[in-house]
Every structure is written in C-alpha cells, then in structure tokens.
C-alpha cells in the first residue's frame with residue numbers, strides 16, 4: 001500500500017514537472033524569436049545607415065500559413081524589380097504573427113536609418129505574446 005502511495009505521489013510530481021517544463025520551453029522559444037528579430041531589424045537598419053550597396057534595407061513580414069520575415073535591399077520599395085532578398089527567417093510552428101495581420105514592410109532610410117511611421121510586430125504562442133516596436137527615429141525595442 002505504501003509503495004502505491006509513493007508511486008502516486010511521484011506520478012503527480014512528474015505530471016506537474018512536465019507542465020512547467022513545457023511552459024518554460026515555449027517561453028524560451030518566444031524569447032529567442034524576439035531576440036533574433038530585434039537583431040535582424042538592427043542589422044537591416046545598420047545596413048541602411050552605412051549605405052551598404054547604395055540601397056535601402058528593410059524587413060518584409062509575411063503572415064501566412066508559414067509565418068516568416070525577409071531581410072532585403074532595394075532602391076525604392078519591396079515591390080521594386082531590383083529588390084534582393086538577403087535572408088528569410090521562419091517562425092517555429094508554435095509561434096505565429098498577430099500583427100501584421102497580412103504582409104507588411106519596414107524600410108529604413110539610407111544614412112539616418114529612420115522609418116516613415118511607428119511599426120509594431122506582435123507574435124504569440126499558446127501561452128505568451130510578444131511585441132516589438134520600431135519608432136520613426138529607428139529605435140527598436
């Protein structure tokens with residue numbers, strides 16, 4: 001009888017531990033996605049400010065079945081025939097965009113790294129939501 005009680009207690013503790021671990025893993029994944037996106041936004045801004053390749057640089061967010069974003073360079077805007085995709089970063093299946101609702105583009109101006117208006121990117125998992133804001137001055141947080 002005592003052995004059954006011990007096994008029952010161990011089973012309950014194991015079930016609780018698995019739940020905590022799952023939440024920890026999801027929160028860690030969200031944190032990594034946010035840090036990577038901020039780093040990529042800063043990289044695109046830096047490339048614009050240094051005038052790399054004499055072009056503007058930006059990030060294009062694609063809210064679809066497979067959410068992802070692209071770092072690109074362009075002489076004008078994302079739809080330009082001369083736009084070059086530098087890299088594409090896909091979200092894990094457990095994370096998806098909330099905002100932008102559809103596709104959206106942020107282009108940093110050459111030299112000053114500014115954008116035309118405040119932009120917000122919101123993404124979420126089963127248990128958490130994260131927001132990144134880009135101000136007209138180019139601040140990213």
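Quick note: the coordinates plus some simple rules give every number you see, no bench work behind them. Keep in mind that this is a model prediction, so the values were computed, not measured. As a convention, Cβ positions derive from the backbone with ideal geometry for all residues, glycine included, and neighbour counts pool all protein chains shown.
In the set 86, 72, 97, which member is farther than 20 Å from residue 47 by Cβ, surrounded by 13 or more Cβ atoms within 10 Å (Cβ to Cβ) and out of contact with any helix residue (DSSP H, G or I) (no Cβ under 7 Å at 6 or more places or on another chain)?
97
Which count do you get for residues in the range 109-136 that are more than 20 Å from residue 74 (Cα to Cα), free of Cβ contacts under 8 Å to residues at least 60 places away in the same chain and either more than 17 Å from the chain's Cα centre (by Cα) or not in a strand (DSSP E or B) (or both)?
Number satisfying all stated conditions: 2.
Report whether or not residue 27 is surrounded by 12 or more Cβ atoms within 10 Å (Cβ to Cβ), more than 18 Å from residue 122 (Cβ to Cβ) and in contact (Cβ under 8 Å) with a residue 60 or more places away in the chain.
no
If you go through the range 3-19 one residue at a time, do you hit one that is over 20 Å from residue 114 (Cβ atoms), surrounded by 10 or more Cβ atoms within 10 Å (Cβ to Cβ) and touching a residue at least 24 places away in the same chain (Cβ under 8 Å)?
No; the residues of the range 3-19 include none that is over 20 Å from residue 114 (Cβ atoms), surrounded by 10 or more Cβ atoms within 10 Å (Cβ to Cβ) and touching a residue at least 24 places away in the same chain (Cβ under 8 Å).
Given the structure, is residue 81 free of Cβ contacts under 8 Å to residues at least 12 places away in the same chain and surrounded by fewer than 17 Cβ atoms within 10 Å (Cβ to Cβ)?
yes
If you check residue 139 against the conditions, is it closer than 26 Å to residue 53 by Cα, loosely packed, with under 15 Cβ neighbours inside 10 Å and touching a residue at least 40 places away in the same chain (Cβ under 8 Å)?
So residue 139 fails the test.
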